[in-house]
Each structure stands twice: as C-alpha cells, then as structure tokens.
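Engineer: Below is a structure I'd like to ask you about.
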Amino acid sequence: MTTLWGGRFEQAASPLLRQFNDSLPFDQRLWLEDIFGSMAYASAGAAAGLLTAAERDALLAGLEQVAEEWRAGQFPFAPGDEDIHTAVERRLGELIGPLAGKLHTGRSRNDQVATDLRWWLRSRVDELDSLLVDLLRVTVQRAAAEIDVLMPGYTHVQPAQPIRWSHWLLSHAWAWQRDRQRLADLRTRLNLSPLGAGALAGNPFAVDRHALAADLGFDGPIPNSIDAVRDRDYAVEFLSWAALLGVHLSQLAEDLILWSSREFGFVQIADQFSTGSSLMPQKRNPDSLELLRGKAGRLTGNLVSLLTTLKGLPAAYNKDLQEDKEPLFDSVNTLLVALPVAAGVLATMRIRPERMAAALGDELLATDLADTLVRRGVPFRQSHELAGLAVKRSEALGVALRELPLAEYQAISPQFGPDVAGVFDFEQSVEQRAVYGGTAHAAVLRQIEELRALLPSN
Ligand code: ARG
C-alpha cells in the first residue's frame, strides 16, 4: 500500500488512524472536479515549462480515462486510497506509469481540495437556485390563479384581519426571493480559485494562477496563498444560507400543517405528499411538511458544526478542515430534495375557500370599525377603545358585531353612525389595503408582476 507522504516514515499508519483519517468514503463525490482540476493544472504546468507537450497530452489522456471509469461506475478502489486526490493519482499511475508522479509538482492537496470544493459547491449553488426558481414559479402561479380567495390573516395565531390567500402565499415567495439574492451574493465570494497556492506559500514554478482560475470558470485567483488554503468562509456562508432557507421552509410548513388540520381545514395536502398512520385508519398526516419543518434542525446544526470547527484554527491548512465536507454535503443533499418537495406540496394541495370564508368572523373587522370613527376625526387611540367596547358588548350579548343594533353602538359612543353597517364586508376591508405591499387586489397583482420580473425568463 502506498501513500502520498510515505518517505519519512518507518512504520505504516495504524489501521485505526487510517479509518479515522480517510475521507474517500465521502469526498469521492468530488471526483469530477478533482480530475478536471488536475487536467487544468497539467495544462498550466506545460504552459509554465514544467511538462513537455507530449507529457501533458499523456497526462490528459490518462486523466480522461480515469474520468471514464468514474463515469461508468467502474473506478477500481485500492486499500491505500486515503481521499479522492490520492485515489485519482494512484489510478493515473497505474494507467500511464511514473509520468503520473509529475502531475502534483508544486501542487498540494491543500490548494487542490480547496479548489475542488469551491467548484463543486458552485455547481450546486446554480442547481439550488434553479430549484428555488421552480418553487417561486409554482407559488406565483397559484397566487395569480387564486387571487380572489379571502381568508383570515393571523398574528399570534389569532384571527387578525382579512387578507387575500395569495397575499399569504406571496409572503413566503418574497423570503425565497431574498434567498436567491443571498445565494447570488455568496457565489461571488465562493467563485475564486485557490489553485496555485501550493501547501500555503505559493507555487514555485510560476504557473499562471489567473489563467488557471479562468480555465476552471472562477472569477480570479485568491490574492493570498495562506488565506487560499484556509478560507472556508464561503462554506460558512452557504451553510448559513441553507439554515435560513430551512427556517423559511419550516415557517411555510408550520402554517400549512395547522391549516390542513381538521379544525382549520383551509387546505388539503395531496395524497402524494401525505402519509397514513399504521394504527389509526382515519389519519392523513402531512409528513412532507413535518419533515420540511424538521430539516431546519439539521441545516442549522451543519452551520454550527463548521463554525465550531473553524473557531481557533491555526494558520493555513489543518486537518480539521477535512470536517468541512460532510456538513456541506448534508445541507446540499437535504435542500436538493426539500425544495422540490416544497414545490410539489404547493403545486398539488387543494384549497378550500369555503372553509376560509367560514372562518372570517366579524371581529376581524374590528379595526375597520375603529377606522370609521377615525374618518370622523376621532383619534385612533380613542376609536380603538370604542371599537373594543363594541366587541365586548357583542360578546356579552352573544351576537356578531354586525348584529349589534345601532343603538348599542351609539350607547358606546354617539360618534358611531349608520355607516357602521357598511363595515361588515370582507372584500371591501381587503380592498382598502391598496397601499403598496398591501392585500388589495391591485397591490397583490403588483407583487406578482414584480416577482415575475425577477424570475429568469426561461
Ligand atoms: N482529504 C483532505 C481534506 O479533505 C485533503 C487535504 C489533505 N491535506 C493534507 N495536508 N493532509 O481536507
């Protein structure tokens, strides 16, 4: 068994250390970035005069063959393969002989792994953005189709004021749109190349780091080689992004879980996204949503995990950094499924406008009632108090606000007039909120237009 670093050792590493140290079980998913990064490095080596054109071509052909084996799922592992970098280099040697040993000249696994991981994450970032776009499209499309549906709006989970159902839907869409912005923003700091930083001090063979960066689709090289091999800020930013998106999805899930309960019955989650109980035949559980809510826990945990690993890390590369991968992979894996599930639930659930309408009680119009007095010049603090007294009175008499006789209103305050009767119209209440960002028809339509304009035009 050979290692990349055996020269100065007399004894082989303990099997226990190897088990502890090996990252191949999880970092093999970087195979493509590792091999194509090596191809770029071979070309840069030839350009710098380190390799002849023939050597470069032989390296490229060998690497292509290794890639072919991975692609076909036929890469032959060997017992000494410590990580993806070791495995690829070992295999290249078996295929093309000692020339493989020239590939690593001036390069360290420290700049190699940092390059692989950034590149890999960049592709996932693009994938996740397009999943967010799918989720947004489903949401915006529903909001447009169901704009006429009214429901109680809640604060503190207490009925507050009537809103359009679409207004609630879009409230989540705007959070996801911010998630897209954050993702695009972190991508700019992610998309820089560590390659050519060497172990920590820089490459001694004058490889062109700018050309290498451009070759790998990076915006440029990282300006400091020590920073290049240590920096995992981009991974922290990504995990923080993922945790926040997880929180957003959990908030969506919580609303829908509540509203899909029999007591609310505002929505029905489609069979495809519900499960039954092994014991209670009547059950229809929103497991898809409960998992969306639950995944926020692991997404947050992954962020804390990496931050804790990085805290107090000494200069440059330390093996602690190998711990960057699993939280990152886990958060990516989680969201690659969670986002389509969220989109699927939203696309397939049924809404029950009649249940929403039935939940619209007159007390949701108490603010509007106070506003009638405001329009007569009564200061809002006072009109708030008077409308509150009307609510109390209607509760005492056991009638809805609209059934409270005008005489009762006027006993509370002579300022209440016959226009009180006009308050009890939910549509009108909603339409009064025509301010930018409000729940009136035109204001909701405007949100839909603005969101549509922010989505890629396919
Ligand atoms: N498997 C290692 C990692 O994931 C690669 C870098 C190893 N570098 C080193 N100096 N041992 O971080």
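The values are calculated or read from the model by the stated rules, or taken from the named source; none is laboratory data. Computed from a predicted structure; not experimentally measured. All Cβ positions, even for glycine, are placed from backbone atoms using ideal geometry, and neighbour counts span all protein chains on display. Keep in mind that these areas ignore ligands, DNA and RNA; they rest on the heavy atoms of the full protein, side chains included. Shrake-Rupley method; radii C 1.70, N 1.55, O 1.52, S 1.80 Å.
Engineer: What percent does the relative contact order of the stretch 281-357 come to when contacts are Cα pairs within less than 8 Å and at least six residues apart? List each step's numbers first, then the result.
Structural biologist: Numbers: 25 pairs, mean separation 27.5, N = 77.
Reported as a whole number, the value is 36 percent.
Engineer: Ordered by packing density, taken as the mean number of other Cβ atoms within 10 Å over each peptide's residues, highest first, how do 302-313, 220-231 rank?
Structural biologist: Packing order, densest peptide first, comes out as 220-231, 302-313.
Engineer: So how tilted is helix 441-454 from the main axis of the chain? Cα-based, degrees 0 to 90, rounded to 10.
Structural biologist: 10 degrees
Engineer: Shape call for the stretch 127-221 from the C-alpha gyration tensor, a ≥ b ≥ c root eigenvalues: rounded (a/c under 1.5), prolate (a/b greater than b/c) or oblate?
Structural biologist: Since a/c reaches 1.5 and a/b is larger than b/c, the shape of the stretch 127-221 is classed as prolate.
Engineer: With the contact rule set at Cα under 8 Å and sequence spacing of 6 or more, what percent relative contact order holds for the stretch 331-458?
Structural biologist: On the way: 80 pairs, mean separation 23.0, N = 128.
Relative CO of the stretch 331-458 lands at 18 percent.
Engineer: Quick check: with the 1.4 Å probe, what order do Thr115, Thr188 take by accessible area, largest first?
Structural biologist: Largest accessible area first, the residues go Thr188, Thr115.
Engineer: Which aspartates and glutamates have a Cα less than 17 Å from the Cα of Lys319, not counting those fewer than 8 places away in the same chain?
Structural biologist: Those aspartates and glutamates meeting the cut-off are Asp22, Asp27, Asp81, Glu82, Asp83, Asp111, Asp116, Asp227, Asp231, Asp233.
Engineer: Now, a different point. Ranked from the most accessible area to the least, with a 1.4 Å probe and all protein chains present, what is the order of Glu82, Glu127?
Structural biologist: Glu127, Glu82
Engineer: First check a/c for the stretch 173-264, with a ≥ b ≥ c the square roots of the eigenvalues of its C-alpha gyration tensor; if it is under 1.5, answer rounded, and if not, answer prolate when a/b is larger than b/c or oblate otherwise.
Structural biologist: Cα axes put the stretch 173-264 in the prolate bin.
Engineer: Next question, about the same structure. Using mean Cβ contacts within 10 Å as the protection proxy, how do 388-400, 14-26, 38-50 order, highest first?
Structural biologist: 38-50, 388-400, 14-26
Engineer: Same structure again: On average, how much accessible surface per residue is there in the stretch 31-116, in Å², for a 1.4 Å probe, leaving out ligands, DNA and RNA?
Structural biologist: 36 Å²
Engineer: Sorted by accessible area with a 1.4 angstrom probe, largest first, how do His156, His85 fall? It would help to have the intermediate numbers written out before the result.
Structural biologist: Numbers: His156 160, His85 10 Å².
Output order, biggest surface exposure first: His156, His85.
Engineer: Straight distance only, please: which lysines reach the Cα of Lys295 with their own Cα at less than 18 Å, same-chain residues fewer than 8 apart left out?
Structural biologist: none
Engineer: Here's a follow-up. Sort out for me the Cα centre separation of the stretch 54-121 from the stretch 392-458, rounded to whole Å.
Structural biologist: One Cα centre to the other: 67 Å.
Engineer: Also: Could you compute how fast the stretch 1-125 diffuses translationally, taking Rh as the Kirkwood radius over C-alpha pairs and applying Stokes-Einstein at 25 °C with viscosity 0.890 mPa s? Give it in µm² per second.
Structural biologist: Rounded to a whole number, D works out at 162 µm²/s.
Engineer: Which trypsin sites (Lys or Arg not before Pro) in the stretch 24-79 sit in a loop by DSSP (not H, G, I, E or B) and have at most 12 other Cβ atoms within 10 Å of their own Cβ?
Structural biologist: none
Engineer: Using a cut-off of under 15 Å, list every residue of the stretch 274-314 whose amide N is near the label point 7 Å from the Cα of Arg182 along the Cα-to-beta-carbon line.
Structural biologist: The answer is 296-304, whose backbone nitrogens lie closer than 15 Å to the label point.
Engineer: Taking only C-alpha pairs under 8 Å that are 6+ residues apart, what is the relative contact order of the chain in percent? Could you put the intermediate results ahead of the total?
Structural biologist: Values: 589 pairs, mean separation 72.3, N = 458.
Relative contact order here is 16 percent.
Engineer: Also, I was wondering about something else. Given the whole protein assembly as supplied and a 1.4 Å probe, what does the accessible area of Arg293 come to in Å², nearest 10?
Structural biologist: 90 Å²
Engineer: Quick check: the angle from helix 380-397's long axis to the longest principal axis of the chain, C-alpha only, nearest 10 degrees?
Structural biologist: 70 degrees
Engineer: As an exercise, use a Förster radius of 51 Å and the Cβ-Cβ distance of Glu10 and Leu445 to find the FRET efficiency, rounded to the nearest 0.05.
Structural biologist: After rounding, the FRET efficiency stands at 0.10.
Engineer: Sort 4-11, 416-423, 239-246 by packing, meaning the average of other beta carbons within 10 Å per residue, with the highest value first.
Structural biologist: So the peptides 4-11, 416-423, 239-246, ranked by packing, come out 239-246, 416-423, 4-11.
Engineer: Also, I was wondering about something else. Is the C-alpha gyration tensor of the chain telling us rounded, prolate or oblate? Criteria: a/c under 1.5 is rounded; beyond that, a/b larger than b/c is prolate, otherwise oblate.
Structural biologist: prolate
Engineer: Determine the distance separating the Cα centre of the stretch 163-215 from the Cα centre of the stretch 257-284; give it in Å without decimals.
Structural biologist: Computed from Cα coordinates, the inter-centre distance equals 39 Å.
Engineer: Cα centroid distance between the stretch 217-236 and the stretch 286-356, in Å?
Structural biologist: Computed from Cα coordinates, the inter-centre distance equals 24 Å.
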